[in-house]
Every structure is written in structure tokens, then in C-alpha cells.
Amino acid sequence: MKRFALLLLFAAAAFAQKPQLEYPLIQGHGGVFRLPAKAEPPVDGARMVIDVTTGDYDGGVNKGLARAARYVNLYALAGVKDARVDIVMHGGATKEALDDATYQERFGKPNPNRELMRQLRKAGGEIVVCGQSMLHNGFDPEKMTPEVGLALSAATALTTRQNKGFAYFGVH
């Protein structure tokens, strides 16, 4: 019995020391852990473009959008104020660009990504969807949520950003 009590005490101590996720800029998604000051810091002026093709979900939102939130939160936690994270959606992620009424009509609920996309835009990044994917998937480009812009294609949007010095990250 004493061993069991001692084991519980050690388990409780280990649990109490577990680091907690923080959400410094994007609330509710993309939680990050604070690290000691000796960790390599990110640089000011960082630019990245997230290529989101997955329709998979994480925590109720698109996995690629959640990953973008994590990157934004990492820079915010480090105190970098001028990092920029843009998102280009196509493939399975195309549906995330739909407005609430169209999403409801097609999938039986309002677009669950709207609030996260609003926060990502407020953080300074752009979100665009491939116009070719919109039409290939049978979606009307006039029925998009206001948080998302329309690109001629994902290829052109990604190339444009990479030519402007954005680092590429794929979430497939």
C-alpha cells in the first residue's frame, strides 16, 4: 500500500511539472510550449507560406490551418512581431474557403474554420484558395468566406510567395 501511495505521489509530481500549452496570439488552436532562453530564437522578418492540401481535421478545424496557428504562436511566444504566415489552400482543403451558407448546404454545418481563419488574418497573414480547385470541386468562387482570397491557382500563389522570399511548408 505504501508503494502504491508513493507511486501516486511521484506520478502527481510528474504531472504537476508538465509544461502547459500557451496560445499567445491565436486562441484555442496551435498551442506551443515555452522553452528555456537558451533555445535558438526565430529571426525577425520571417516569412513562410503553408501549402494546405489536406481535408483532415485536428481539434475541430482543418489540420493545415491548425498547423499555421502553431507557427504564428511560436513567433508570437518568441516576441517576433513582424513574422508573416500565409496560407494557400487547394485539394482537400478547398472546402474550407466556402462561406457558412454554402458550407452548411454541402456539409450540414457552418464552416468550422471561420474563427480560426479570422484570427490568422488578424495576425497579418493572407489566406488564399486555388481558383482551379474551387471549380474542379464544383464550388462557386462567388460563395467564399470573406477571410479567404481567390488565387488563379495554388501553383501561381505558391510560386509568387516563394519568389518574394517566403519559406515553403507543406501540410498534406
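The values are calculated or read from the model by the stated rules, or taken from the named source; none is laboratory data. Worth saying up front: this structure is predicted, and the values here are computed from it rather than measured. Here the Cβ is made from the backbone with ideal geometry for all residues, glycine too, and neighbour counts use every protein chain on show. Note: accessible area is taken over every heavy atom of the protein model, side chains too, but ligands, DNA and RNA are not part of it. Shrake-Rupley method; radii C 1.70, N 1.55, O 1.52, S 1.80 Å.
General remarks:
- When the convex hull of its Cα atoms is viewed from all sides, region 70-172 shows a mean projected area of 6.6 nm².
- Scanning residues 5 or more positions from Met144 or on other chains, those with amide H under 5 Å from its amide H are Asp99, with H placed 1.01 Å from N in the peptide plane.
- Using θ = phi - 60° in the Karplus curve 6.51 cos²θ - 1.76 cosθ + 1.60, the 3J(HN,Hα) couplings for region 80-90 round to 7, 9, 10, 6, 10, 10, 9, 10, 10, 9, 7 Hz; x is entered for Gly and Pro.
- Once the 1.4 Å probe is applied to the protein heavy atoms, the chain comes out at 58 Å² accessible per residue.
- Structural descriptor for region 60-144: relative contact order 36 percent, calculated from alpha carbon pairs under 8 angstrom and at least 6 residues apart.
- Rounded D (µm²/s) - the chain, Kirkwood Rh over Cα pairs, Stokes-Einstein at 4 °C, 1.567 mPa s: 74
- Length-normalised contact order of the chain in % [C-alpha pairs under 8 Å, at least 6 apart]: 25
- Of Lys81/Lys109; Lys18/Lys63; Lys63/Lys143, those spanning more than 32 Å from alpha-carbon to alpha-carbon: Lys81/Lys109
- Bridge type composition, the chain - antiparallel percent by DSSP, nearest 5: 20
- About its Cα centre, the chain has a charge dipole of approximately 780 debye under the convention of +1 per Lys or Arg Cβ and -1 per Asp or Glu Cβ, with nothing else charged.
- Helical mean residue ellipticity (222 nm; -39500 (n - 2.57) per DSSP H run of 4+; nearest 500) of the chain: -11000 deg cm²/dmol
- Alpha-carbon centroids, region 18-45 and region 112-172: separation in whole Å: 25
- Size of charge dipole - region 97-172 - debye, nearest 20, with Cβ of Lys, Arg +1 and Asp, Glu -1, no other charges: 280
- Calculated FRET efficiency for the pair Leu150/Arg118, C-beta based, R₀ 25 Å, to 0.05: 0.90
- Label zone at Tyr168, where the point sits 7 Å out along the Cα-to-Cβ direction: region 32-74 residues whose backbone N lies under 15 Å: 48-53
- Positive end of the dipole of the chain (Cβ unit charges, origin at the Cα centre): among Val88, Pro24, Gly131, the Cα lying farthest that way belongs to Pro24.
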